[in-house]
1. Taking only the Cα atoms of the range 63-130, how large is their convex hull per residue, in Å³?
2. Would you mind checking which residues have amide H under 5 Å from residue 39's amide H? H placed 1.01 Å from N; only 5 or more apart, or other chain.
Amino acid sequence: MHKIAHATVLAAFSTLLGLVPLTASAQIPSAACNTVVRQGATLNWMTLGSGLPINRGTMTVNVVRSDGGWSTTMVNQTSGNIRIDASGRLNSSSLTLANAAAGETWSGRCNQRGIGGQINGSSGATFVIW
């Protein structure tokens, strides 16, 4: 796929997942994170740097606790299917995920189509989960 096609697809994902501000009339209603992050669910994820894909893969949600803690096993398909154990917290509208091996903390918000946010608080390093 060409860079332009990647950029178009990523812009669409970013808009759908709330990384790019929408007009007030086009806001996507928030959804409880636990409608996306459910024990046993397999989700897709992608990290982006300045809007371009860096890594992508899948994650299987291992545990979601009643106190909001959760853990996952991620598979980085871009880097030879490396397995990564990560954990975090979620509530009705936001999620955090700590990947100690990479020194990353993902912080995002949930909507009906998935989760989008920033890595280590940087607007240039973002992620989407769907």
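No value in this document is a laboratory result; all are computed from the given coordinates. Bear in mind that the values here come from a model prediction, so they are computed numbers and not experimental data.
1. Each residue corresponds to 97 Å³ of Cα convex hull volume.
2. Answer set, sorted by chain and number: 64.
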